[in-house]
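> There's a structure below that I have some questions on.
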Amino acid sequence: MSKAQSTYGTVMRNLLRWKNNLRYKRQIASNIADSDFREKLVDYNQQRQLGCDSTVCHIPMRSLYFGFDGIVTACCFNRNFVLGKFPENSIEEIIHGEKRKSLQKYLSDTDFSHGCQFCKDMIASGDYMSTGARFADIFPDKGDLPSEMIFELDNTCNLKCEMCNAKFSSAHNNGIRVTAPYDSEDFIDQLKPFIPHLTETKFLGGEPFLSDIYPKIWETIIEFNPECKIRVQTNGTILNDKIKEILLRGNFQIGLSIDTLNPAHYEKIRTGAKIEKTLENIEFFNYICQKNNSLASISVCPMKENRFDIPEIVDFCNRKDIYIFFNNVSTEGFSLEELSEQELKELAIFYSKNIHYGKNPVCKNNKNALLCLTNHVKHILEKKKSVNYMNEIIPYTRIEFMQKVFEITSNQPEIKIDEGMFGLIPEKFNVKRRTIEKMKFMHISEFISMSKEEQMDFIRTNFITSQNDKI
């Protein structure tokens, strides 16, 4: 692409962004009562690639995620709103099913309550670059057909990363992988009619380069849609002649999971890896991306242990022309949310002092990534400060509880409420404010599916205390 073509494309995108922001700015958050979140939502939408859109997220109709145990959802950030299960449901049934359309309708109404809490939290924190919804903005609209497919089929892995678990790494389970219903040739055959329509695919693990099923899918993509991007998220430790051979033939783009360049920290976090070998492999992965007119990326898990190593790896990515992205870590013992107010304040100041500005696209991306991470740290700090407010004990009534349940289920006509269940709830009770907030996001279908004994235990444990009792 010539410089003139690039400049023209940039100008046209900016004009379209301006037009979309003018057209959709008010519409996108018109039904949001929370003024703080409404402000963040408008800000997020104005920063999307083409500005504000008629829907906060296009993922349901543009993407499809195949997860462990045959579960199929719209994306890997929402594993609760299940579209179907393979092989009980065929891929064609799932793609043309009504559930995809219903989730798209919810998101078009700015309703995040159907498993989309992660993206809502990221928008609320100001960490826009960690918001999964934004990735679908670049994919073309192909009607019912997805233009992206994400595969997380196999947890085979050679590393025992300390923040990971047996679900995502077989190394945490003595090398035993999860049940994989995708191993049959039938899965590949069912994919074939849809592969020619794909713009992009993503492969997660485990470690993708140790998977038996992924190379079969890669060969199918190369045969039926050689222009399709094949994004592989790897820990960067596995590279041999067989892998190099297929990487050289396909339109591969490589994302690496590296959390620090500090050798001691790296080898402790990524148990079983050596930083020198990983850095050596990066050179070949970077070459593959450049061959395919792209750039490699590095995904970092900011945690308590490596939090002060972040600016160094950002600088490394700037020097190597590698995009950087940050993942939110919620694992107990590692999450930044476990830091004290003073530690969070110091970390926010440290990041702010190390946000460097650059003119090329990589440096701009990496600056924004660190800026978003800084916003996320500040958001955690504000939540810490409000802990006393959230722990405030306030009175609540059975009627208010019933109103909340019916409000949650009003857009879920398939759910039938047994009014008898409300007999389990006292007419008046005390509850922490944080519990009321939790109620806003509870998935009522899970509650209704419980036995009466389970419902009572759930209420007693999570919500209800007698007005005479102390919490």
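The values are calculated or read from the model by the stated rules, or taken from the named source; none is laboratory data. Source: prediction; values computed, not measured. Positions of Cβ are backbone-derived with ideal geometry, glycine not excepted, and every protein chain shown enters the neighbour counts. SASA here: full protein model, heavy atoms, side chains in, ligands and nucleic acids out. Shrake-Rupley method; radii C 1.70, N 1.55, O 1.52, S 1.80 Å.
> Between their Cα atoms, which of 202/384; 160/364; 274/320; 216/291 are more than 25 Å away from each other?
Table pairs above 25 Å Cα-Cα are 202/384; 160/364.
> Per residue, how much accessible area does the range 236-369 show when a 1.4 Å probe rolls over the protein heavy atoms, in square angstrom? Write down the numbers at each step before the final one.
On the way: 6260 Å² over 134 residues.
For the range 236-369, the per-residue accessible area is 47 Å².
> Probe radius 1.4 Å, ligands and nucleic acids ignored: give me the carbon and sulfur share of the accessible area of the range 255-359 as a rounded percent.
After summing per-atom areas, the C and S share lands at 49 percent.
> Could you look at the range 29-94 and say what percent of its accessible area is carbon and sulfur, using a 1.4 Å probe and all protein chains?
C and S fraction of accessible area: 44 percent.
> Also: Tell me the trypsin sites (Lys or Arg not before Pro) within the range 261-311 that lie in a loop according to DSSP and have at most 14 other beta-carbon atoms within 10 Å.
Those satisfying the criteria are 274.
> For a quick check of your reading of the filter: which GluC sites (Glu not before Pro) in the range 270-362 sit in a DSSP loop and have no more than 11 other Cβ atoms within 10 Å?
For GluC sites (Glu not before Pro) across the range 270-362 that sit outside H, G, I, E and B with at most 11 neighbouring Cβ atoms in 10 Å, the list reads 332.
> So what J values fall out for the range 302-311 if you push phi through Karplus, 6.51 cos²θ - 1.76 cosθ + 1.60 with θ = phi - 60°, rounded to Hz, Gly and Pro as x?
x, 9, 4, 5, 10, 4, 8, 8, 4, x
> Between residue 231 and residues 5 or more places away or on another chain, which pairs have amide H atoms under 5 Å apart, with H built 1.01 Å from N, and which residues are they?
Counting only residues 5 or more places away or on other chains, the set is 201, 202, 203, 253.
> Name the long-range amide H neighbours of residue 431: under 5 Å, sequence gap of 5 or more, or other chain; modelled H, no Pro or chain starts.
For residue 431, the qualifying residues are 394, 396.
> Between residue 300 and residues 5 or more places away or on another chain, which pairs have amide H atoms under 5 Å apart, with H built 1.01 Å from N, and which residues are they?
Amide H to amide H, under 5 Å and 5 or more residues apart or across chains, residue 300 pairs with 325, 326, 327.
> If you don't mind, another one. Classify the range 116-245: rounded, prolate or oblate, from the alpha-carbon gyration tensor (a ≥ b ≥ c, eigenvalue square roots; a/c under 1.5 rounded; otherwise prolate if a/b is larger than b/c)?
In terms of gyration-tensor shape, oblate.
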